[in-house]
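Read the structure below first, then the notes.
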Amino acid sequence: MSSYQKEQLDTLNMVQRHLEAISKQEKQRLLSQISDYLTFRNTVDAFLGEHFENICTLKCYQSKVSACCSREGIITFFADVVVNVLVSEKSETKALSEALIKPNTGFKCIYLDIHGCMWRVKPIICEMFLCDTAEKAVFSEKSPARKVWQQIKQREKQYRWPDQPVLFDELETYFIEAGFRSPLMYLHNSPGLLRIKKLAKTNF
Ligand code: SF4
């Protein structure tokens, strides 16, 4: 198992164990905490479906495969894992664990199977990725869709870019306070993101 797979698996198991151990009410509270983000993700899905379904092949959208799926180790935030486990069936998270313990033999993402991406709510980096070809084809200079996409990208920052209090940071903090640590907690580990947080605090 590669170190990437191990990090992913350890994080997935940790999140799953904790979410199974908390009360129904606490889980409900977490689901309410992410509800606005889930609405945002539905908005992005609807936008991509409307504007990119025709241009992207079956391979890219109908099967929920984005063009970055050919990469071996996609960046996943800790909060991506939390959100996905919160909304997934047990069988879905079990399938992710099983994929992670198998050797990755191809030049593709470990989470890609014959039906497409195995995540119910795939990582935000994957969701927001548009390949150049598709982008050029859909977004002409003055296309209204380009403007909407820019607005979506701004909105995405409100969940994970720590120049303000953001959901992704809050979810990491929640788990840290419960005694957990993961290398995927980039909002607490990444020097670049920590700098942004620090700068934001000094500006307020
Ligand atoms: S996590 Fe899913 S969407 Fe992202 S690269 Fe892997 S298979 Fe593709």
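Applying a threshold of 8 Å to beta carbon distances and a minimum spacing of six or more residues, or different chains, the list of pairs starting in region 1-13 at a residue that is outside any helix (DSSP H, G or I) and ending at one that is open to solvent by 10 Å² or more (accessible area, probe 1.4 Å) reads Met1/Leu9; Met1/Ile101; Met1/Pro103; Ser2/Gly73; Ser2/Asn104.
Note on region 121-150: residues that are at pLDDT 85 or above and over 19 Å from the mean Cα position of the chain (by Cα) total 5.
Residues in region 85-126 that are β-branched (Val, Ile, Thr) and within 12 Å of the ligand (Cβ to nearest atom): Ile110, Ile114, Val121, Ile124, Ile125. Scan region 167-186 and give yes if some residue there is at pLDDT below 95, of a type outside the set (Lys, Arg) and away from the ligand (no atom under 12 Å from the Cβ), otherwise no. No; the residues of region 167-186 include none that is at pLDDT below 95, of a type outside the set (Lys, Arg) and away from the ligand (no atom under 12 Å from the Cβ).
With the condition kept exactly as written, say whether any residue in region 22-40 is at pLDDT 95 or above, over 17 Å from the mean Cα position of the chain (by Cα) and of a type in the set (A, V, I, L, M). Give the derivation first.
Restricting attention to region 22-40, the residues satisfying the condition of being at pLDDT 95 or above are 22-40.
Now narrow it down to the ones that are over 17 Å from the mean Cα position of the chain (by Cα): 22-29, 32.
If we keep only those that are of a type in the set (A, V, I, L, M) as well, we get 22.
Scanning region 22-40, I find at least one residue that is at pLDDT 95 or above, over 17 Å from the mean Cα position of the chain (by Cα) and of a type in the set (A, V, I, L, M), so the answer is yes.
Filtered by the rule that a residue be of a type in the set (A, V, I, L, M) and either near the ligand (Cβ under 10 Å from one of its atoms) or closer than 21 Å to Gln154 by Cβ (or both), region 127-138 gives Met128, Leu130, Ala134, Val138.
Could you check region 78-113 and list, in sequence order, the residues that are under 18 Å from Met185 (Cα atoms) and either at pLDDT below 95 or open to solvent by 40 Å² or more (accessible area, probe 1.4 Å) (or both)? Explain how you work it out, then say what you get.
Initial filter on region 78-113 (under 18 Å from Met185 (Cα atoms)): 78-86.
Across region 78-113, there are no qualifying residues.
With respect to the conditions (1) open to solvent by 30 Å² or more (accessible area, probe 1.4 Å); (2) touching a residue at least 12 places away in the same chain (Cβ under 8 Å), Lys157 lacks only one, and its number is (2).
Give all pairs with beta carbons closer than 8 Å in which a residue from region 112-129 that is more than 15 Å from Val85 (Cβ to Cβ) meets a residue that is within 7 Å of the ligand (Cβ to nearest atom) and assigned to a strand (DSSP E or B); count only pairs at least 6 apart in sequence or on separate chains. Matching pairs, first to second residue: Cys126/Cys117. Among the residues of region 176-195, the one identified as over 17 Å from the mean Cα position of the chain (by Cα) and open to solvent by less than 40 Å² (accessible area, probe 1.4 Å) is Gly192. Residues that are at pLDDT 85 or above, open to solvent by less than 80 Å² (accessible area, probe 1.4 Å) and not in a loop (DSSP other than H, G, I, E, B): does region 60-77 have at least one? The answer is no, given that none of the residues of region 60-77 is at pLDDT 85 or above, open to solvent by less than 80 Å² (accessible area, probe 1.4 Å) and not in a loop (DSSP other than H, G, I, E, B). Being open to solvent by 20 Å² or more (accessible area, probe 1.4 Å), assigned to a helix (DSSP H, G or I) and acidic (Asp, Glu) is the filter here, so list the residues in region 114-154 that pass it. Result: Asp132, Glu135.
The values are calculated or read from the model by the stated rules, or taken from the named source; none is laboratory data. Quick caveat: nothing in here was measured; it's all calculated off a predicted structure. All Cβ positions, even for glycine, are placed from backbone atoms using ideal geometry, and neighbour counts span all protein chains on display. Note: areas computed on protein heavy atoms with side chains; ligands, DNA, RNA excluded. Shrake-Rupley method; radii C 1.70, N 1.55, O 1.52, S 1.80 Å.
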